[in-house]
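Undergrad: Handing you a structure now.
The values are calculated or read from the model by the stated rules, or taken from the named source; none is laboratory data. All of these numbers come straight from a predicted model, not from anything done at the bench. Here Cβ is always computed from backbone atoms with ideal geometry, including for glycine, and neighbour counts include all displayed protein chains. SASA here: full protein model, heavy atoms, side chains in, ligands and nucleic acids out. Shrake-Rupley method; radii C 1.70, N 1.55, O 1.52, S 1.80 Å.
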Amino acid sequence: MEYRRLGNAGVKVSALSLGSWVTYGSQVDVAAAADMMAAAYDRGVNFFDNAENYAAGRSEEIMGAALKRLGWRRASYLVSTKFYWGLADGPNEKNTLNRKYLMQAIDGSLARLGLDYVDLVYCHRPDPDTPMEETVWAMSDIVASGRALYWGTSEWSAEQIRQAWEIADRRNLRKPQMEQPQYSLLFRDKVEKEFGRLYGDIGLGLTTWSPLASGVLSGKYAKGIPDGSRLALPGYGWLKERYPEPVLRAAAALGPIARELGGTPAQLAIAWCARNPNVSTVITGASRPAQLEENLGALELVPKLTGEVMARIDEAMAPAASAMRD
Ligand code: NDP
């Protein structure tokens, strides 16, 4: 496994990590979570991503129970959580980054995870209703209290991230260290264009999500929706709308390129994310051990992504890019 610094922070994350969205609670129970986390850890994965609202808190409970079973040294792994949507309906309990919510949310997550602290804590989305200064102050206080080690953002704009960083800089508060954006062959612009100056200017690290666009880039949806796959899960119909036919066909066209390099389309799509040096870690997802095993092999393809191969990948994905723009 390769380890990369989280932007300009000293802490290092494995280039591939494992997240629990969708899977924990609906497809993966405590025993399966522990098995897959152990398999990942044995291959060098040191970062496990979570969020308060995944499966309405159940995902944190499952990861917490799995960690308890596994009994790893706390210094040997990182766990995250994220706040914004909340778990209750009160005016100060959902869709907010106000101080009251954040201060209670961190304690709730730590209780569900069974941990004294999380390593990374994120503002899961921006909150236009709370002054940025209030959120920055609260996140900084969470870090200063020892309940999290680094704080960051997810799906914030470059301008919002810079604003938060500048407030923290001016007020001598803990600065946002990382952003968690979607990044894959289908969603490139934020990471490759919008955030361009932030890497050097503020030392932003990236923990990127959905490298397979929910499994689509494995090519498995080209001939219909397999039973038990994410697009077949109740409540995830919106994902079907997001990826029209040309996208599914383009994903299948990655197959021959991947095979020539001695890999699979899923490995190629994950390697493509990992080859970007601004990406600290690619957060992968798996509903079963065989997928995890396959995905963890992706780094072997990174050195094979020559300029010529990258151009062929772009060509294969071009119809998908125009279909996504329509
Ligand atoms: P992916 O895009 O990699 O999708 C993972 C899913 O694809 C798996 O659960 C599985 O679904 C399928 N899959 C995985 N590997 C293979 C394979 N080799 N062959 C075929 N199918 C495969 O990642 P996620 O969308 O799960 O995102 C990863 C993590 O990122 C999340 O767990 C979460 O931690 C984080 N995230 C963060 C967000 C944010 O807003 N900050 C938003 C979304 C995710 P199945 O078997 O069910 O088809």
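Undergrad: For the stretch 1-151, which whole percent of the accessible surface, found with a 1.4 angstrom probe, sits on carbon and sulfur atoms?
TA: C and S fraction of accessible area: 48 percent.
Undergrad: Turning to a different aspect of this structure: Ignoring ligands, DNA and RNA, what percent of the 1.4 Å accessible area of the stretch 168-326 is carbon and sulfur?
TA: Carbon with sulfur: 49 percent of the solvent-accessible area.
Undergrad: Right, another one. Dividing the alpha-carbon radius of gyration of the stretch 114-176 by 2.2 N^0.38 Å (N being the number of residues), what value is obtained?
TA: So the Cα radius of gyration is 1.06 times the expected 2.2 N^0.38 Å.
Undergrad: When 1/r is averaged over all different Cα pairs and the result inverted, which Kirkwood radius in Å belongs to the stretch 74-137?
TA: One decimal place: 12.3 Å for the Kirkwood radius.
Undergrad: Do any chymotrypsin sites (Phe, Trp or Tyr not before Pro) in the stretch 89-192 lie in a DSSP loop with no more than 11 other beta carbon atoms within 10 Å, and if so, which?
TA: Within the stretch 89-192, no chymotrypsin sites (Phe, Trp or Tyr not before Pro) qualify (loop, at most 11 other Cβ atoms within 10 Å).
Undergrad: Also, quick follow-up: If each of Asn172 and Asp314 carries a label point 7 Å out from its Cα toward its Cβ, how far apart are those two points in nm?
TA: With each label placed 7 Å out from Cα toward Cβ, I get 4.8 nm.
Undergrad: What is the distance in Å between the Cα centres of the stretch 80-110 and the stretch 248-281?
TA: Comparing the Cα centres of the stretch 80-110 and the stretch 248-281, I get a distance of 36 Å.
Undergrad: In whole percent, what relative contact order does the stretch 1-49 give with Cα contacts below 8 Å and a gap of six or more residues?
TA: Reported relative contact order: 45 percent.
Undergrad: Any idea what the relative contact order of the chain is, in percent, if you count C-alpha pairs under 8 Å spaced at least 6 apart?
TA: Reported relative contact order: 18 percent.
Undergrad: Quick check on the stretch 261-313: what are the equivalent-ellipsoid semi-axes from the Cα gyration tensor, as sqrt(5λ), descending, whole Å?
TA: Calculated on Cα positions only, the semi-axes equal 19, 13, 8 Å.
Undergrad: I need two numbers for the stretch 70-218: Rg to one decimal and Dmax as a whole number, Cα atoms only, in Å.
TA: Rg and Dmax of the stretch 70-218, Cα atoms, are 15.6, 46 Å.
Undergrad: If each of Arg249 and Asp227 carries a label point 7 Å out from its Cα toward its Cβ, how far apart are those two points in nm?
TA: 2.9
Undergrad: Grab the beta carbon distance between Tyr199 and Ala56, set R0 = 30 Å, and tell me the FRET efficiency rounded to 0.05.
TA: That gives a FRET efficiency of 0.30.
Undergrad: Here's something else I'd like to know. Would you mind getting the accessible area per residue of the stretch 1-160, heavy atoms of the protein chains only, 1.4 Å probe, in Å²?
TA: I get 40 Å² per residue for the stretch 1-160.
Undergrad: If contacts are Cα pairs under 8 angstrom and at least 6 residues apart, what is the relative contact order of the stretch 166-294 in percent?
TA: Dividing the mean separation by the residue count of the stretch 166-294 yields 29 percent.
Undergrad: Between the stretch 1-75 and the stretch 125-201, what is the separation of their alpha carbon centroids in Å?
TA: Here the answer is 22 Å between Cα centres.
Undergrad: Still on this structure: At 24 angstrom or more along the helix axis (alpha-carbon based) and mean Kyte-Doolittle of -1.0 or higher, what helices does the chain contain? Whole DSSP H runs only.
TA: Span-like helices in the chain: 307-325.
Undergrad: Any idea what Rg and Dmax come out to for the stretch 1-61 if you just take the C-alpha atoms, in Å?
TA: Values for the stretch 1-61 (Cα only, Rg and Dmax): 12.8, 36 Å.
Undergrad: Same structure, new question: Whole-Å semi-axes of the stretch 227-280's equivalent ellipsoid, largest first, each the root of 5 times a Cα gyration tensor eigenvalue?
TA: In descending order, the three semi-axes are 24, 16, 11 Å.
Undergrad: Here is a follow-up. Which value at 222 nm does the chain reach when only helices count, each DSSP H run of 4 or more adding -39,500 (n - 2.57), with the total divided by all residues and rounded to the nearest 500 deg cm²/dmol?
TA: -12500 deg cm²/dmol
Undergrad: For the stretch 1-126, take N as its residue count and report Rg(C-alpha) divided by 2.2 N^0.38 Å.
TA: 1.05
Undergrad: Kindly identify the stretch 194-326 as rounded, prolate or oblate by the Cα gyration tensor criterion: order the square roots of the eigenvalues as a ≥ b ≥ c, call it rounded if a/c is under 1.5, otherwise compare a/b with b/c, prolate if a/b is larger, else oblate.
TA: rounded
Undergrad: What FRET efficiency do you get for Ala321 and Arg259 if R0 is 35 Å and r is their Cβ-Cβ distance, rounded to the nearest 0.05?
TA: FRET efficiency, Ala321 to Arg259: 0.95.
Undergrad: With the Cα gyration tensor of the chain in hand, convert its eigenvalues to equivalent ellipsoid semi-axes via √(5λ) and list them largest first in whole Å.
TA: Computed over the chain, the values are 31, 22, 20 Å.
Undergrad: Let me ask you something else. Cβ under 10 Å from Gly86's Cβ, Gly86 left aside: what net charge do those residues give with Lys, Arg +1 and Asp, Glu -1?
TA: Summing Lys/Arg as +1 and Asp/Glu as -1 gives -2.
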